[in-house]
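I have placed the structure first, in the form of structure tokens, so that the comments after it can refer back to it.
Each reported figure results from applying straightforward, stated rules to the coordinates on display, with no laboratory input. Because the structure is a prediction, the values reported are computed rather than measured. Cβ sites come from the backbone with ideal geometry, for glycine too, and all protein chains shown count toward neighbours.
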């Protein structure tokens with residue numbers, strides 16, 4: 001079987017390339033209100049509310065995080081503040097990549113243009129991209145698209161900007177819920193699941209599984 005040669009390799013950023021530190025921050029911020037044995041459940045609920053917050057019309061990412069943590073706290077019967085929600089937003093641009101990212105991206109970038117589609121604000125993403133250590137052809141945000149992934153509108157915006165069809169790209173993500181389910185439904189040419197251990201591998205969606213970005217050149221035959 002011949003290797004798929006995409007026009008672009010597109011990426012989710014947070015979690016896939018940038019090490020997402022929401023869990024660590026939550027453990028620190030809420031250590032005084034949530035018992036250790038309940039913290040994993042609290043973190044899972046916070047993640048679920050963040051997803052729920054982005055399924056409707058676009059709103060600023062700061063509001064997504066503030067609303068999600070306030071809703072989570074309400075469910076748990078504890079107090080949380082807008083300032084605590086905003087602290088997540090302010091921290092995001094300071095986060096750097098997973099250790100495997102720079103070398104794998106650099107190798108791929110020599111052969112195929114790299115693109116990011118991120119659920120970020122415009123004022124956040126470039127600081128994260130600068131830390132990735134590889135050149136990107138384009139970086140698109142939910143703010144630009146006026147829609148968050150997993151909504152198709154976010155992907156459609158990216159394809160319109162690139163002037164290509166879904167079947168002409170390879171999309172890489174560590175999340176099925178945010179990226180790869182939609183990538184499957186839109187018949188993106190090839191999907192790659194980076195198993196960062198925050199979601200299980202799900203064969204139904206037809207993604208190739210790799211354990212880190214170091215495995216990506218092999219998927220492309222490089």
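Between the Cα long axis of helix 152-162 and the first principal axis of the chain there is an angle of about 40°, rounded to the nearest 10. Remark: the residue 27-residue 90 segment gains 21.0 nm on full extension, using 0.36 nm per residue and subtracting the alpha carbon distance. Looking at the chain, the DSSP beta bridges with both ends there are about 5 percent antiparallel. Counting neighbouring beta carbons within 10 Å and listing from fewest to most, the residues 116, 29 come out as 29, 116. In plain terms, the residue of 152, 181 with the fewest other Cβ atoms within 10 Å comes first and the most crowded comes last, giving 152, 181. Considering only Cα atoms, the convex hull volume of the stretch 22-93 works out to 80 Å³ per residue.
Going from the fewest other Cβ atoms within 10 Å to the most, the residues 110, 131 appear in the order 110, 131. A Förster distance of 30 Å, applied to the separation of the beta-carbon atoms of residue 209 and residue 109, puts the FRET efficiency at 0.85. Computed from the alpha carbon atoms alone, the convex hull of the chain holds 117 Å³ per residue. Taking a spot 7 Å from the Cα of residue 198 along the direction of its beta carbon, which residues of the stretch 132-174 have an amide N less than 12 Å from it? Backbone N within reach: 174.
Seen against the Cα atoms of the chain and their longest principal axis, helix 61-76 is set at about 50 degrees. Can you tell me which of 40, 32, 212 moves the most in a GNM of the chain? Springs connect C-alpha atoms under 10 Å apart. Result: 32 has the largest fluctuation of those listed.
Taking Cα atoms only, the orientation of helix 39-53 departs from the longest principal axis of the chain by about 60 degrees. With all pairs of separate Cα atoms included, the stretch 140-222 yields a Kirkwood hydrodynamic radius of 13.1 Å.
Estimated from helical segments only, the mean residue ellipticity of the chain at 222 nm is -11500 deg cm²/dmol, where each DSSP H run of four or more residues counts as -39500 (n - 2.57). With an a/c value of 1.5 or above and a/b larger than b/c for the gyration tensor axes a ≥ b ≥ c computed over the alpha-carbon atoms, the stretch 1-45 is described as prolate.
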